[in-house]
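First comes the structure, then the notes that go with it.
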Amino acid sequence: MRTMEFSIEDNGPMLEVGRVYEVKEFETSFYTYMIEDALGMSKPYPASERLKSRSGKVIEKKETDRFKIAVLEFDE
């Protein structure tokens, strides 16, 4: 299992813990991922850490001083 953090907006019930979401990959010199319907965005990852799965389950939502974060778990 692999976990990744995604920055999210205050989206209320649109992103639910326990639900599986699709992610879309964007490639520049790094790889970034967006939760379907633009609900959250990951940090940039190098090619060696490229995500193999395209769907993940939200296992936690948390908040820091600067960001709201959703943690997704992927089968890898």
> When Rg and Dmax of the Cα atoms in Å is calculated directly from the model, which label among [x] 14.4, 47; [y] 10.9, 29; [z] 11.7, 34 fits?
Replying inline: [z]
> Which trypsin sites (Lys or Arg not before Pro) in the chain pass both tests, a DSSP loop state and at most 11 other beta-carbon atoms within 10 Å?
Replying inline: R19, K52, R66
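Throughout, read-outs are computed from the coordinates displayed, never taken from laboratory work. For clarity, every value in this text was computed on a predicted model and none was experimentally measured. Glycine also receives a Cβ, built like all others from the backbone with ideal geometry; neighbour counts cover every protein chain displayed.
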